[in-house]
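Worksheet for the structure shown next.
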Amino acid sequence: MSQLTAYGAADGLVRVYPASTADAATRRPAPALVWAHGGGFVAGDLDMPEADWVARSLAARGVTVVSIDYRLVAGDGSGRYPAASDDVLAAWRWTLEHAAELGIDPERVTFGGASAGGNLVAGAVLRLRGEAVGEAGREAGPQEAAPLPAGVFLAYPTLLAVQPAPDTALRALLDGAPGADRFGSDAVRDMYETYLGGPVDDAPLFAVPGLAAASDLAGFPPVLMINGEADELRVSGERFAATLAEAGVDVECVVEPGTQHGHLNRPVEPAASASIERIVAWFAGLETGAARPPRPTDLHQTTLRTTEGITS
C-alpha cells in the first residue's frame, strides 16, 4: 500500500490513505471515501481501528480514503454542534478540490461514517442538499455549493436523539447479550444532549437526521447501511433507511450477523472483514458519473433492499 499522507493543505483535518496500485505507470483515478469514525461525539481518533484499519483495508483494495479528525465535544463545552458537522463538510470540500492531486475520480467520491460519524455524514449530506433550509421548526443554514457524493455509506449509525424501543426480536437478542445492551433511550438522549449542549426537543435536522421526512430525502445519494445485529441503534438506522426508500432513494440495508455495535472497531472479528467486502462490492456497483438518481415522481416507490448475512 502507498504511504499514507497527512496533507498540510487541510490544516491537519484529514489523513489520506492513497489507493494501492500495482503499476504506477498505468494508474487511473481511484474511487474515494471521505470517512468519519465514531465515538459518541466525545471520543475516537484517527488511530482507532474503525478509522485506521478500515482506511488501510479499503486502500489496499483500491479505494482512497480521506479520514477526518473532526472536533469532539470537550468538558468545557467546546466542540458542540455544529463544530464536527462543519469539519466533515470542510473535509468533503477539500477532497473534491484536491481530487487531481489525490489521484481520485471526482465522480466516484463517496461519503461515509460509523456510529456518531454516520450521524455527522448523514447530516452533512442534508446540509449539502439544502432541502431543509427554512422549514418551520428546523434550523436554517446556508446553501452549499459542493456536489453531492456518488454514494453514502453508514455503519451502525445513530440518527435519532429519542431512541425508539426495539421490537420483540431485537429485545430478545439484547437480553441474551447484556454487554450489547448499552444504547437505551436514556443513554442515547444523554449523548445527544452532550453533543447539542442542551435539550433535544428543538434539535436541528442536520444534528438529528433521522427526523427527516421523505420530502427531505428525495434525491439523496445511493446508500449502503450496515447495522449490528444485537445493537439497539439499529432501530434508528432502519427507520432512516425506510424513509430513504419512501423517498425513492436506492438503499441497501444490511444486518451483519453475529455482531454488536462497533464491529469495524474490532478487526479480529470475522464480521469486520465481511463488512469490508460488502463495502468494496458496493463501490464496484456504483455507476461512474451520474450515480445520483433524479427526484422521483412517486415518493412512495420503494427501492430498499434488506439483506441478512452474506449473499452469493
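Descriptive notes on the structure:
- Taken together, the residues in region 236-251 that are within 13 Å of A155 (Cα to Cα) and either among the small types (G, A, S) or surrounded by fewer than 24 Cβ atoms within 10 Å (Cβ to Cβ) (or both) amount to 4.
- Residues of region 198-212 classified as more than 13 Å from N119 (Cβ to Cβ) and open to solvent by 40 Å² or more (accessible area, probe 1.4 Å), total: 3
- Within region 108-122, residues that are under 13 Å from V65 (Cβ atoms) have Cβ atoms under 7 Å from residues that are part of a helix (DSSP H, G or I) and of a type in the set (S, T, N, Q) in these pairs: V109/T95, counting only partners at least 6 apart in sequence or on another chain.
- Residue list for region 166-175, filter: of a type outside the set (D, E, K, R) and over 15 Å from H261 (Cβ atoms): T168, A169, A172
- Test result for P166, closer than 24 Å to A90 by Cβ, touching a residue at least 12 places away in the same chain (Cβ under 8 Å) and not aromatic (F, W, Y): no
- Scanning region 252-261 finds one or more residues that are buried (at least 24 other Cβ atoms within 10 Å of the Cβ) and in contact with a helix residue (DSSP H, G or I) (Cβ under 6 Å, 6 or more places away or on another chain).
- Positions within region 57-75 being surrounded by fewer than 18 Cβ atoms within 10 Å (Cβ to Cβ) and closer than 20 Å to H263 by Cβ, in sequence order: A60, R61
- Members of region 145-180 that are under 21 Å from I104 (Cβ atoms), open to solvent by less than 30 Å² (accessible area, probe 1.4 Å) and modelled with pLDDT under 95: A146
- Some residue of region 263-279 being within 22 Å of R182 (Cα to Cα), open to solvent by 10 Å² or more (accessible area, probe 1.4 Å), in contact with a helix residue (DSSP H, G or I) (Cβ under 9 Å, 6 or more places away or on another chain) and free of Cβ contacts under 8 Å to residues at least 24 places away in the same chain: yes
The values are calculated or read from the model by the stated rules, or taken from the named source; none is laboratory data. Source: prediction; values computed, not measured. Cβ atoms come from the backbone with ideal geometry, glycine included; neighbour counts cover every protein chain shown. SASA here: full protein model, heavy atoms, side chains in, ligands and nucleic acids out. Shrake-Rupley method; radii C 1.70, N 1.55, O 1.52, S 1.80 Å.
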